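Participant: Sharing a structure, written as structure tokens. Questions coming.
The values are calculated or read from the model by the stated rules, or taken from the named source; none is laboratory data. Being a predicted model, the structure only gives us computed values, none of them experimental. No Cβ is skipped: glycine too gets one built from the backbone with ideal geometry, and neighbour counts run over all protein chains shown. Areas reflect the complete protein model, heavy atoms only, side chains present, ligands, DNA and RNA absent. Shrake-Rupley method; radii C 1.70, N 1.55, O 1.52, S 1.80 Å.
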Amino acid sequence: MRHIAIVGSGPAGYYTAEAALRQWGDGVRVDIFDALPVPFGLIRSGVAPDHQSIKGVSRRYETTALSENVRFVGNVYIGRDVTVAELRDLYDAVVLATGAPNDRKLGLPGEDLANVFGSAAFVGWYNGHPQFSGLAPQLSNDTAVVIGNGNVALDVARILAKSKEEFAGSDIVRHALDTLLGSQVRRIVILGRRGPHQIAMTPKELGELTHLTRAWPHVDPADLPPAAEDAALEPGQRKAVSHLRAFAAVESEAETGPEPEGGRVVIDFDFFAAPRAILGETRVEAVEVERTRLENGKAVGTGETYRIPAGLVIACIGYQTSPIPDVPYDDKLGRFANEDGRIAPGLYCVGWARRGPTGTIGTNRPDGFAIVEKISDDLGGFRADGAGKPGRPGFDALAAERGIDYVKFTDWQKIDEAEIANARDGAPREKFVAVEHMIEAAGKH
Ligand code: NAP
């Protein structure tokens, strides 16, 4: 029997469990740990609340979760309640699938001012992650600056721009919806330190901006390279850039059309614009920006600076994995130090914890399968003799000794049912945003 511990119940964790079941069938027992009492990591807390079809992938993880050979062990924080060394003693292999939940820092003066957030915090806030549910951003100023030209910047801009009706069918949490409905934000500036050809946004996500009912994307035509140069781009990027060209071509309907209900919002793409400082007394009042030009694909400051008065700043510039005591960590890359997923004998990492915050949710599937193949190679293939580590019974003994009353998948199903029952009209669920309320709904105290 093989005993595998997976730390993290997001996409990378569940794809790894699925791969382990394919590899060893009834010859494996997988325990999936999560610090929260609820599973699915990024699917629940990262994917935008108005992207319900993407969230539907969790049904696939449910199939894996319901296998008798897989357990969910929720509300257990590895590195605090139980150490990685203890897990390594109990399981043949420990796979860290902890994602990249921390914001990369801008490294700019003023970034600690009030109402300046990283996207992990801001997205966590509107998705009801218990760590960020108390964030309380102020949306009382008419301008917000979103830093970065990736899909997270688009998610954040879109959520800030939507009207009440456009949140129907989403699972945005009530505290965020209430705040957004009272928002005074009417201009959202998306700062890109490089140009339109260098965006990390994808066509579908850019295309969504054209369907917003009260918001208009705007690109300055002067920022676009000559159209002929698009031919050198790979097809996906060319399609993404074609959206930017369309945004530049529509001479702002926002200025001419009738006033939409709730006021019109402009999403202004500001390219070749590198933030240099966040300004303000106690709370952000403006962003100082330097114009850039490209040199060998890199953004180089031109010396020309300007200020964007703004009351809210959200940096969407990428994420880092949380270090875990005694696990080698690569500070420069912001993830565990590893070679193709191997950290140390019996200790592995997968997904964003292995490769950094890149790719789509689906990218984690081949990642999960690849790590299981490595584990299988390292363990010398299948052993049917029952020898090996203590696995589940060993963990349960440790949990009992420490008084850890972990959350099982059946407990999560009770939380799930309660969230669905609490949904406002048209919404799929109303999430619990506090761990104690989740535990209560699970019938544990
Ligand atoms: P990302 O795609 O890596 O984009 C980060 C952006 O931040 C880049 O434009 C980068 O510019 C910029 N940046 C980095 N450091 C900066 C700095 N110091 N100052 C100014 N700009 C800076 O990261 P992400 O948007 O967080 O997305 C993470 C992953 O999740 C991506 O793979 C993304 O596609 C995926 N995702 C997908 C969806 C979806 O499919 N719907 C939604 C959300 C996220 P440079 O290029 O110049 O470095």
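Participant: Could you tell me how many of the residues in the stretch 244-274 are closer than 21 Å to ARG158 by Cα, modelled with pLDDT of 95 or more and not charged (D, E, K, R)? Can you show your working first?
Facilitator: Within the stretch 244-274, the subset closer than 21 Å to ARG158 by Cα is 244-255, 257-271, 273.
So of that shortlist, the ones also modelled with pLDDT of 95 or more come out as 244-248, 265-271, 273.
With the extra rule that they be not charged (D, E, K, R), the set shrinks to 244, 246-248, 265-267, 269, 271, 273.
Going through the stretch 244-274 one residue at a time, the tally reaches 10.
Participant: Counting only residues that are open to solvent by 30 Å² or more (accessible area, probe 1.4 Å) and away from the ligand (no atom under 11 Å from the Cβ), which one in the stretch 175-196 is nearest to ALA227 (Cα to Cα)?
Facilitator: Initially, the stretch 175-196 is screened for residues open to solvent by 30 Å² or more (accessible area, probe 1.4 Å), giving 175, 178-179, 181-182, 184, 186-187, 193-194.
Filter again for away from the ligand (no atom under 11 Å from the Cβ), leaving 175, 178-179, 181-182, 184, 186-187.
Numbers: HIS175: 44, ASP178: 43, THR179: 41, LEU181: 39, GLY182: 40, GLN184: 36, ARG186: 30, ARG187: 27 Å.
So the residue we want is ARG187.
Participant: Something else about it: Where in the stretch 74-167 are the strands (runs of 3 or more DSSP E), entirely inside, with at least 1 residues that are within 16 Å of the ligand (Cβ to nearest atom), open to solvent by less than 10 Å² (accessible area, probe 1.4 Å) and touching a residue at least 12 places away in the same chain (Cβ under 8 Å)? It would help to see each step written out before you state the result.
Facilitator: On the way: elements: 93-96, 116-118, 143-147.
Where strands (runs of 3 or more DSSP E) fall fully within the stretch 74-167 and carry at least 1 residues being within 16 Å of the ligand (Cβ to nearest atom), open to solvent by less than 10 Å² (accessible area, probe 1.4 Å) and touching a residue at least 12 places away in the same chain (Cβ under 8 Å), they are 143-147.
Participant: Please pick out the residue among ASP378, ASP340, ASP367, ASP326 that is touching a residue at least 24 places away in the same chain (Cβ under 8 Å), crowded, with 17+ Cβ neighbours inside 10 Å and assigned by TED's automatic domain parsing to the domain that holds ILE54. Show your work before the answer.
Facilitator: Values: ASP378 fails: crowded, with 17+ Cβ neighbours inside 10 Å; ASP340 fails: crowded, with 17+ Cβ neighbours inside 10 Å; ASP326 fails: crowded, with 17+ Cβ neighbours inside 10 Å.
Only one candidate qualifies: ASP367.
Participant: Pick from ALA48, ALA120: which is among the hydrophobic types (A, V, I, L, M, F, W, C) and closer than 22 Å to PRO325 by Cβ? Lay out the reasoning, then the answer.
Facilitator: Values: ALA48 fails: closer than 22 Å to PRO325 by Cβ.
After ruling out the rest, the residue left standing is ALA120.
Participant: Count, please, the residues in the stretch 30-56 that happen to be open to solvent by less than 20 Å² (accessible area, probe 1.4 Å), closer than 19 Å to PHE72 by Cα and either among the hydroxyl-bearing types (Ser, Thr, Tyr) or within 10 Å of the ligand (Cβ to nearest atom) (or both).
Facilitator: 0
Participant: Which pairs have Cβ atoms under 7 Å, sit 6 or more apart or on different chains, and link a residue in the stretch 387-414 that is farther than 19 Å from VAL38 by Cα to one that is among the β-branched types (Val, Ile, Thr) and buried (at least 16 other Cβ atoms within 10 Å of the Cβ)?
Facilitator: These pairs meet every condition: LEU398/VAL82.
Participant: Additional query: One residue is enough: does the stretch 358-372 have a residue meeting the conditions within 16 Å of the ligand (Cβ to nearest atom) and under 30 Å from ALA114 (Cα atoms)?
Facilitator: Residues of the stretch 358-372 within 16 Å of the ligand (Cβ to nearest atom): 358-367.
Now drop any that are not under 30 Å from ALA114 (Cα atoms), which leaves 358.
Yes, because at least one residue in the stretch 358-372 is within 16 Å of the ligand (Cβ to nearest atom) and under 30 Å from ALA114 (Cα atoms).
Participant: Determine, yes or no, whether PRO217 is at pLDDT 95 or above and in a strand (DSSP E or B). Working first, answer last.
Facilitator: Details: at pLDDT 95 or above: yes; in a strand (DSSP E or B): yes.
Here the answer is yes, as PRO217 does meet what is asked.
Participant: Of (1) farther than 13 Å from GLY368 by Cβ; (2) among the β-branched types (Val, Ile, Thr); (3) part of a helix (DSSP H, G or I), VAL38 satisfies all except one. Which?
Facilitator: Exception for VAL38: condition (3).
Participant: Could I ask something else about it? Pick out the one residue from THR16, THR63 that is β-branched (Val, Ile, Thr), outside any strand (DSSP E or B) and open to solvent by 10 Å² or more (accessible area, probe 1.4 Å). Step through it out loud before you land on a result.
Facilitator: On the way: THR16 fails: open to solvent by 10 Å² or more (accessible area, probe 1.4 Å).
It is THR63.
Participant: Scan the stretch 323-330 and tell me whether some residue there is β-branched (Val, Ile, Thr) and farther than 30 Å from VAL82 by Cα. Walk me through how you get there before you give the answer.
Facilitator: Residues of the stretch 323-330 β-branched (Val, Ile, Thr): 324, 327.
Among the residues that remain, those that are also farther than 30 Å from VAL82 by Cα are: none.
Checking the stretch 323-330: not a single residue is β-branched (Val, Ile, Thr) and farther than 30 Å from VAL82 by Cα.
Participant: Also, quick follow-up: Looking at the stretch 120-172 only, could you name the residues that are among the polar types (S, T, N, Q) and under 16 Å from the mean Cα position of the chain (by Cα)?
Facilitator: Across the stretch 120-172, the qualifying residues are ASN127, GLN131, SER133, ASN149, ASN151.
To keep it simple, each residue is scored yes or no on (1) at pLDDT 95 or above; (2) in the same structural domain as ARG429 (by TED's automatic domain parsing); (3) assigned to a loop (DSSP other than H, G, I, E, B); (4) in contact with a strand residue (DSSP E or B) (Cβ under 9 Å, 6 or more places away or on another chain).
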position	(1), (2), (3), (4)
ALA176	yes, no, no, no
VAL185	yes, no, yes, yes
VAL189	yes, no, no, yes
ARG194	yes, no, yes, yes
HIS197	yes, no, no, yes
GLU205	yes, no, no, no
LEU209	yes, no, no, yes
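Participant: Within the set of pairs 6+ apart or on separate chains, which have a first residue in the stretch 180-200 that is over 14 Å from ARG158 (Cβ atoms), a second that is within 7 Å of the ligand (Cβ to nearest atom) and β-branched (Val, Ile, Thr), and C-beta atoms under 6 Å apart?
Facilitator: Short answer, once both residue conditions are applied: LEU191/ILE147.
Participant: Identify, by number, the condition in (1) surrounded by fewer than 17 Cβ atoms within 10 Å (Cβ to Cβ); (2) at negative phi; (3) at pLDDT 95 or above that TRP412 doesn't meet.
Facilitator: Going through (1) surrounded by fewer than 17 Cβ atoms within 10 Å (Cβ to Cβ); (2) at negative phi; (3) at pLDDT 95 or above one by one, TRP412 breaks only (1).
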